[in-house]
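The values are calculated or read from the model by the stated rules, or taken from the named source; none is laboratory data. From a predicted model like this one, the values you see are computed outputs, not experimental measurements. Glycine also receives a Cβ, built like all others from the backbone with ideal geometry; neighbour counts cover every protein chain displayed. Ligands, DNA and RNA are excluded from the accessible area calculation, which covers all protein heavy atoms including side chains. Shrake-Rupley method; radii C 1.70, N 1.55, O 1.52, S 1.80 Å.
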Amino acid sequence: MVNYYSNRSEVVNGQNRVVQGLELMKHAMNQLAMIMVIDVEGNIIDINDNYCATLKYSLRDVYMRDFRTLYVGYHSEEFFGSLERTLRTGEEWTGEICKKAGDGKVHWLKSVIIPVDDEVKSVSRFHIVSVDITEQKNNEQWQYLACHNELTSLPNRRMLDLSIDTYIGRVKQQNQRMAVLFLDINHFKKINDTYGHAIGDLFLKEVASRLSNLSIIQNHVFHLCGDEFIMLLEDVENIEEQVRLILSLFDNTFEIEAYPITASVSIGISMYPDHATDRDALINYADIAMFEAKQSSGNSYQIYQ
C-alpha cells in the first residue's frame, strides 16, 4: 500500500513538473514572440500581450477582423493566394510579412503559421507566431541603397569601387584581359529639357533595363550618376563585336509614356592590362576615350590610345 501511494505521488509530481514546464515555455513564448490566433476563415480570435505591445492593437481592435486587412499593400494577391493554398493542405507556412501597426508604423515580421487540429483531426484554427525583424530589414535596405542607384537599382559607384578589384584579380589569376567601358548618353540634357525630368528618369530606367538584359554584361553594369554608366567585360576576344551589340540597343526608339525618344551613346574603352592595371587609371582612361568618342555624331566608341 505504501508503495502504491509513493508511486502515485511520484506520477503526480512528474505531471506537475510537466505542466509547470509547459507553462514556463508558454510564458517564454509570449515574451519572445507575437502570437495571433485566427479561425479557418482567416478571422482574428485572439492575440497575445506581446502582439498588443509591439503592434499597438488591443484584442477589441482586431477581434473577428480578416487578418489580411492588417497587412499593408506591399504583398500581392498572388502572395496571399500562395499562402492560403499552403494552409489548405494542412502544412505550415513560413515567410516574411509586412504589417501595419495600430500607430501607422510599418513592421516586418518573420512568421510561421501553424494549423491546429480539433478533436476529430480537422484544422479548426491557425496560430501565427511572429518575431519583429524590422530593424534587420531596415539595415538591409540601407545597405542596398548604399550600393545601388536609387533610380535604376543598378550597382552604383560605391559598388564599382568595392567589386572592380575582384574582377581585376580574377582575370589576373587567369592570365586574361578585361575591358572597362564608360558610357555617356548623348544630349541627355536635351531630353530632360524637352520632356521634363520625370520622363528623363523613366528613360534612364529603360536604358538600364536594356543594358542589364544583355547576357554578355549581366551583373557587370554600374550606374555612376545621371546619364553615366560603367560596364565591365571579362571576355574581350571579340570586344568590338560586343560593343556594336551594345550600341545597337540605341537603334530602336525609346517609347516613354507615349513619347518616342531617339537617343545615342558614346562609349570609351580601356583595357586591362594593356592600358593600366589599377582600377582608378582604367576608369580614368575609359572616361578620356569616351570624350574622344563624343567628337563623332550618333552612336560611337573609342578605345583609349
| message | Here is a list: Tyr51, Tyr57, Tyr5, Tyr63. Which entry is modelled with pLDDT of 85 or more, of a type in the set (Ser, Thr, Tyr) and open to solvent by 40 Å² or more (accessible area, probe 1.4 Å)? | response | Tyr63
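I'm trying to understand the selection: among the residues of region 43-66, which are aliphatic (A, V, I, L, M) and either over 31 Å from the mean Cα position of the chain (by Cα) or more than 20 Å from Trp108 (Cα to Cα) (or both)? Break it down stepwise before answering.
Keep residues of region 43-66 that are aliphatic (A, V, I, L, M), which gives 44-45, 47, 53, 55, 59, 62, 64.
Selection gives Ile45, Leu59, Met64.
For residues that are out of contact with any helix residue (DSSP H, G or I) (no Cβ under 9 Å at 6 or more places or on another chain) and open to solvent by less than 80 Å² (accessible area, probe 1.4 Å), scanning just region 70-82, find the one that is nearest to Asp132 (Cα to Cα).
Restricting attention to region 70-82, the residues satisfying the condition of being out of contact with any helix residue (DSSP H, G or I) (no Cβ under 9 Å at 6 or more places or on another chain) are 72-74, 76-79, 81-82.
Okay, now just the ones that are also open to solvent by less than 80 Å² (accessible area, probe 1.4 Å), so 72, 76, 79, 81-82.
Details: Val72: 15, Ser76: 21, Phe79: 20, Gly81: 23, Ser82: 22 Å.
Among residues in region 70-82 that are out of contact with any helix residue (DSSP H, G or I) (no Cβ under 9 Å at 6 or more places or on another chain) and open to solvent by less than 80 Å² (accessible area, probe 1.4 Å), the one nearest to Asp132 (Cα to Cα) is Val72.
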| said: Would you confirm, using the coordinates I've provided, whether Leu109 is in contact (Cβ under 8 Å) with a residue 24 or more places away in the chain and not acidic (Asp, Glu)? | reply: yes
| request: Tell me, please, whether a residue that is closer than 18 Å to Ala286 by Cα, under 25 Å from the mean Cα position of the chain (by Cα) and of a type in the set (S, T, N, Q) can be found in region 205-215. | output: no
| field | Scan of region 99-114 for residues that are closer than 18 Å to Asn43 by Cα and in a strand (DSSP E or B), ordered by number | value | Lys99, Lys100, Ser111, Val112, Ile113, Ile114
| query | Failed condition for Gln295, given (1) in a loop (DSSP other than H, G, I, E, B); (2) open to solvent by less than 80 Å² (accessible area, probe 1.4 Å); (3) of a type outside the set (A, V, I, L, M, F, W, C), with all others met? | reply | (2)
| task | Go over the candidates Glu96, Glu91 one by one and state the one that is among the charged types (D, E, K, R) and over 16 Å from the mean Cα position of the chain (by Cα). | result | Glu91
| said: Out of Val171, Val112, Val116, I need the residue that is hydrophobic (A, V, I, L, M, F, W, C), surrounded by fewer than 14 Cβ atoms within 10 Å (Cβ to Cβ) and touching a Phe, Trp or Tyr at 6+ places or on another chain (Cβ under 8 Å). Which one? | reply: Val116
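When you go through Glu91, Glu41, Glu96, Glu78 one by one, which is the residue that is within 28 Å of Asn138 (Cα to Cα) and either hydroxyl-bearing (Ser, Thr, Tyr) or modelled with pLDDT of 85 or more (or both)? Write out each step before concluding.
Numbers: Glu91 fails: within 28 Å of Asn138 (Cα to Cα); Glu41 fails: within 28 Å of Asn138 (Cα to Cα); Glu78 fails: either hydroxyl-bearing (Ser, Thr, Tyr) or modelled with pLDDT of 85 or more (or both).
Criteria check complete, one pass: Glu96.
Kindly evaluate Ser124 against the criterion of being part of a strand (DSSP E or B), modelled with pLDDT of 90 or more and not hydrophobic (A, V, I, L, M, F, W, C). Full working, then the answer.
On the way: part of a strand (DSSP E or B): yes; modelled with pLDDT of 90 or more: no; not hydrophobic (A, V, I, L, M, F, W, C): yes.
No.
Could you identify the single residue in Ser76, Ser111 that is within 20 Å of the chain's Cα centre (by Cα), of a type in the set (Gly, Ala, Ser) and under 18 Å from Asn50 (Cα atoms)? Break it down stepwise before answering.
Values: Ser76 fails: under 18 Å from Asn50 (Cα atoms).
Of Ser76, Ser111, the one residue that is within 20 Å of the chain's Cα centre (by Cα), of a type in the set (Gly, Ala, Ser) and under 18 Å from Asn50 (Cα atoms) is Ser111.
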| query | What's the number of the condition His223 fails, among (1) under 18 Å from Asp287 (Cβ atoms); (2) without any contact (Cβ under 8 Å) to a residue 60 or more places away in the chain; (3) in contact with a Pro (Cβ under 9 Å, 6 or more places away or on another chain)? | reply | (2)
| remark: Sole miss for Ser130 among (1) surrounded by fewer than 16 Cβ atoms within 10 Å (Cβ to Cβ); (2) at pLDDT 90 or above is condition (1)
